[in-house]
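I have placed the structure first, in the form of structure tokens, so that the comments after it can refer back to it.
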Amino acid sequence: NKESDIADFFGTSEDNNNNPNMMTTALARLRESFHNTRYVKNPIDAYIVYSEDAHQSEYVPDADKRRAFISKFDGSAGTAVVTKDSALLWTDGRYYLQASRQLDGDWTLMKATEAPTIPNWLTTNLSPKSKVGVDPKFISRASAKTLEKTLKKADMELVYVGDNLIDLVWDGKPAHPKNPIFLHPVKYAGKDFVEKIADVRTAIDQSQCDALIVSATDEIAWLFNLRGSDVEFNPVFIAYASVTKDATTLYVDPEKVPDDVATYLKNGNVTLKKYSDIYSDLRNFKENNLVPKFFNLNSS
């Protein structure tokens with residue numbers, strides 16, 4: 001019938017591994033981690049799970065679908081909040097029907113057009129002195145500062161949790177993709193990537209900065225005239241990049257870089273480093289009093 005057809009379309013059939021027992025267990029284990037000092041310095045009272053990956057992408061590889069794993073709602077936009085006794089999912093009007101089908105009885109759907117914002121809900125429903133945890137890799141600086149300010153006014157604290165608590169309870173978590181990167185010919189790109197980097201350096205000088213850190217995967221693909229297939233239906237690859245006044249670095253899993261791409265980048269004076277090296281290099285920027293600039297390449 002039409003009702004079951006809609007349910008199957010939105011992924012509530014058994015084919016989608018929507019196992020309530022598995023879900024309840026994952027939520028219980030997540031809550032247990034709130035007071036496990038192996039993962040949190042001090043106990044937390046709530047944990048926010050974002051849809052975005054470390055690059056603030058709406059569409060992410062399976063390995064980064066943490067909110068979808070813990071809630072079983074697999075729409076592209078939504079944020080989960082788990083407390084010691086509640087589990088809530090905020091999403092927008094595109095997904096109200098889908099979310100209502102996919103969330104089980106442990107979860108409450110918070111409709112963006114009707115519900116309070118996440119910061120307002122937290123400050124209303126948690127006690128003073130409560131600590132709210134987030135993984136700092138998955139929240140933008142602007143969002144973190146806004147949330148931090150709101151919580152502080154309510155005598156609460158935003159806590160940055162280094163170990164992702166969803167990853168700790170995600171049995172069988174998919175590996176990150178290692179699909180090969182490939183060249184995007186300049187006849188389609190419109191400009192050689194070396195020229196683009198020269199333009200970026202001009203913008204760095206004009207902005208009175210020392211470096212540009214590029215985190216958005218579409219901007220990295222555009223800058224280097226490269227493409228990938230790490231995200232379904234998106235021609236991008238998971239990477240970071242930095243451009244200083246005299247060096248350009250691409251941080252990416254080396255297994256994804258074929259010989260022709262490695263040669264292409266070397267000829268353009270691009271240094272290849274491991275994906276995780278971005279963190280130590282950012283610390284070096286700070287220690288050397290450099291001022292990285294974050295901006296949208298396509299609007300600069």
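The values are calculated or read from the model by the stated rules, or taken from the named source; none is laboratory data. As the structure is a computational prediction, the values presented were derived from the model and not from experiment. As a convention, Cβ positions derive from the backbone with ideal geometry for all residues, glycine included, and neighbour counts pool all protein chains shown. When the accessible area is computed, the model is the full protein with side chains, heavy atoms only, and any ligands, DNA or RNA have been set aside. Shrake-Rupley method; radii C 1.70, N 1.55, O 1.52, S 1.80 Å.
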Principal axis box of the range 63-132, alpha-carbon based, largest edge first, Å: 34, 28, 22
Cα-Cα separations in the chain greater than 37 Å, expressed as whole percent: 24
Carbon/sulfur fraction of accessible area - the range 214-261, other protein chains in place, 1.4 Å, %: 49
Overall form of the range 210-266 per C-alpha gyration tensor (a/c, 1.5; a/b vs b/c): oblate
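Over the chain, give the accessible area per residue in Å² for a 1.4 Å probe, as an integer.
53
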The chain: calculated mean residue ellipticity at 222 nm from DSSP helix runs of at least 4, using -39500 (n - 2.57): -10000 deg cm²/dmol
Given charges at Cβ of Lys, Arg, Asp, Glu: the chain dipole, positive-most of Q98, S207, S140: S207
Surrounding net charge for L126, when Lys and Arg each add one and Asp and Glu each subtract one, Cβ distance under 15 Å: +1
Cα-derived Rg to Rh of the range 67-217, Kirkwood definition: 1.07
Exceeding the 23 Å Cα-Cα cut-off - candidates K72/K145; K196/K245; K72/K152: K72/K145; K72/K152
Calculated SAXS-style log₁₀ I(q)/I(0) at q = 0.11, 0.16, 0.23, 0.27 Å⁻¹ - the range 162-239, Debye, Cα scatterers: -0.43, -0.75, -1.07, -1.24
Sparse-neighbourhood loop sites, trypsin sites (Lys or Arg not before Pro) in the range 63-114 - DSSP loop, at most 15 other Cβ within 10 angstrom: K84
Positive-end extreme of charge dipole, the chain - chosen from P174, A262, S276 (charges on Cβ): S276
Other-chain or far-sequence residues with amide H under 5 Å of M156's (modelled H): K129
Mean shadow area of the range 137-182, taken as a quarter of the surface of its Cα convex hull (nm²): 5.3
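Find out how many positive minus negative residues lie around V169, taking Lys and Arg as positive, Asp and Glu as negative, among other residues whose Cβ is under 9 Å from that of V169.
Working: positive: R29; negative: E32, D167, D171.
That works out to -2.
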Alpha-carbon Rg with Dmax, taken over the range 139-291, Å: 18.1, 57
Antiparallel bridge percentage (DSSP; both residues within the chain; nearest 5): 55
